[in-house]
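A short worksheet on the structure shown next.
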Amino acid sequence: MNPRIEVVAVDCLMLRLFDEIAEANMPWMLAASERLRTAFGAQLIDLVPSYTTLMVHYDLTVLYPAQARALIAEALIDLSPSTRTSGQCHVLPVWYDLSVGPELSLLAERSGLAVEEVIRRHSAREYEVFALGFAPGFAFMGLVEEILAAPRLSTPRKKVAAGSVGIAERQTAAYPVVSPGGWNLIGRTPAKLFDRHRDGYSLMQPGDTVRFEAVSHAEFIKLGGDDTPLEALA
Amino acid sequence: MTRLTIEASTPLCLLQDAGRFGVRHLGVTQGGAADGCSMSWANWLLGNALNAAVVEITLGGFAVVAEDDCLLALAGADLGAQIDGQPLAPWRSFILLKGQILRFNQPLLGARVYLAAPGGFAAPKVLGSSATVVREALGGLDGMGLPLAKGATLGYGGEALAVREVPLTLRPDLAAGTPLDVVLGAQIGQFSGQSLFDVFNSAWTLDSRADRMGIRLLGKTLEYQGQPMISEGIPLGAVQVPPDGQPIVLLNDRQTIGGYPRLGALTPLALARLAQCLPGAQVRLRPVVQEVAHREHIEYLQCFV
């Protein structure tokens, strides 16, 4: 870890902790988040974590840039990795099927694995939530096995169904709402990923872990899933 | 509750306030008035909190009829506003009598005007704000992120003050070609020397590809020579440079994280001015360091005291 504090806007500083995406970053990122929230208190307007950085948006009517910088530096003194007792572990049911996850066949072809084996391997791992972004509740998770990695579609879909589960490079994610998207789709979850009436709004938070669990069509429907085929949305 | 009925509207007429805060880590965008300065003046005219809910009217095509006698305020662009056919200039509060129609026609100067009401227009707060973000289905009159529609009712419950104007010396000059200040960011040194010269020494034309997420600038091709970036938080006003070398300034409805290199970020006042420019307009950029931009912003905030 080689922390650097960089200017990003009149009232924002970027704390850069790492140079590469890695699961091992997370305990440090969580610990730094916690320290920054405490250090800034009511002067913190937003803290935006991503894979290797924490963007601090502070109240410029109270803090000078130099003061904000000093607060960040002080918050990092003797930082130790979080013991991660705060992160929740979620199990997301997924109906893996070609009608809602057409790239299952593409991933099978690329990897030389059977479709069933692609499903087994995607649902065998526990993934870290690295960051939320793109849309409310959209969690970037990883890392998927190297053999399942695949680049984004060269032409993104105009419409991806809510709950769609996809892979891009070594990351996996689920779309909270209907949106355009370029990820390789492999299935659909009935889970409500973003809910304005839920405490904390987003089902998943940075630092949480997620496991996908294959369910049958019948179970998917019972859990409230919408099985409208992808092509019917276009 | 004092009421107005919307007689005409467009998808660019939205209920806005200062936006959503404390939720960026969940992937929720900021939203809010694209010209925060004019929104603040519209609210100031009525003695409101500067971030009270207002109507953001972009380019025109909006009309309301008063169901009761109203005191309202207008700040920002001149969109050819008329009360029952009589011209109404912005930067003032005014009375709209029961039955009178306030109409916004077409942009004469600037792009966005803000209509405010005493105490702010009534709307549910979703994640702490009434700001309408259509893409995220958040905010607006019903909380579901819909633009203002014909037939809907706008209401407010605040107390009316006397009619007043924004002092001439304090009004932003939308016609002035003042360069837009960019707070220099960390990747600035990784653009080619020629690009750094071009950024601040040539004119940039606003592309027609412009919305509340971002405004694309057309001009010299900028060359980033650094490593590819990992996605990171994007501040309001960020000036990012995608591989085609044409910068994009990110506005209120931007994505929360992204991986294009950045020159820096426009100051809030520069961004407010950019939000008043129409496609085809030319702007120039000027570098500023964070400390100076901070001091100037604090001075600006003193205007409202």
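Evaluate the relative contact order of the stretch B:10-115 (contact order divided by residue number), counting alpha-carbon pairs under 8 angstrom at least 6 apart; express in whole percent.
It rounds to 29 percent for the stretch B:10-115.
For the stretch B:191-288, the equivalent ellipsoid built from the Cα gyration tensor has semi-axes of 19, 17, 12 Å, listed from largest to smallest.
Temperature 25 °C, viscosity 0.890 mPa s: under these conditions the Stokes-Einstein estimate for chain A, based on its Kirkwood radius over C-alpha pairs, is 129 µm² per second. Here is how the number arises for chain B: DSSP H runs of 4 or more residues each give -39500 (n - 2.57), the sum is divided by the residue count, and the result at 222 nm is -3500 deg cm²/dmol. With the simple model of a label 7 Å out from the Cα in the direction of the Cβ, B:E7 to B:Q190 spans 5.5 nm. Projecting each Cα onto the charge dipole of the protein assembly as shown (Lys/Arg +1, Asp/Glu -1 at the beta carbon, about the Cα centre), which of B:G143, A:Q67, A:G224 comes out farthest on the positive side? Looking along the dipole axis, the top candidate is B:G143. Taking the dipole about the Cα centre of the protein assembly as shown, with the C-beta of Lys and Arg at +1 and of Asp and Glu at -1, give me whichever of B:P268, B:M229, A:L15 is farthest to the positive side. Going by the Cα projections, it comes out as B:P268.
Relative intensity of the protein assembly as shown on a log10 scale, I(q)/I(0) at q = 0.05, 0.06, 0.10, 0.11 Å⁻¹, equals -0.22, -0.31, -0.86, -1.02, per a Debye sum over C-alpha point scatterers of equal strength in the absence of solvent. Placing A:V165, A:V62 in order of accessible area, with the largest value first and a 1.4 Å probe, yields A:V62, A:V165.
Rounded to the nearest 500, the 222 nm mean residue ellipticity of chain A from helices alone is -6500 deg cm²/dmol, with -39,500 (n - 2.57) taken per DSSP H run of at least 4 residues.
Distance between the C-alpha centers of the stretch A:101-136 and the stretch A:180-215? Whole Å please. Their Cα centres are 14 Å away from one another. Note on A:E109 and A:E213: the extension gain reaches 35.2 nm, defined as 0.36 nm multiplied by sequence separation minus the Cα-Cα distance.
Remark: for residue pairs A:K158/B:K150; A:K159/B:K220; A:K159/A:K222; A:K192/B:K150, the C-alpha separation exceeds 30 Å in A:K159/B:K220; A:K192/B:K150. Here the relative contact order of chain B, from alpha carbon pairs under 8 Å that lie six or more residues apart, stands at 20 percent. All C-alpha to C-alpha distances of the stretch B:2-170, sorted into 10 Å bins beginning at zero, yield P(r) values of 12, 43, 36, 8, 1 percent in whole numbers.
Report the longest stretch of chain B that contains none of the trypsin sites (Lys or Arg not before Pro) sitting in a DSSP loop with at most 15 other Cβ atoms within 10 Å.
B:165-283
Only Cα sites of chain B enter the Debye sum here, all with the same form factor; the resulting log10 I(q)/I(0) across q = 0.09, 0.13 1/Å is -0.44, -0.89, listed in q order.
When only Cα pairs below 8 angstrom with a gap of at least 6 residues are kept, the stretch A:4-75 shows a relative contact order of 37 percent. Here the stretch B:150-169 and the stretch B:226-298 have alpha carbon centers that stand 32 Å from each other.
The values are calculated or read from the model by the stated rules, or taken from the named source; none is laboratory data. Keep in mind it's a predicted model, so treat the numbers as computed, not measured. Cβ coordinates were reconstructed from backbone atoms using ideal geometry, including for glycine residues, and neighbour counts include every protein chain displayed. For accessibility, only protein heavy atoms count, side chains too; no ligands or nucleic acids. Shrake-Rupley method; radii C 1.70, N 1.55, O 1.52, S 1.80 Å.
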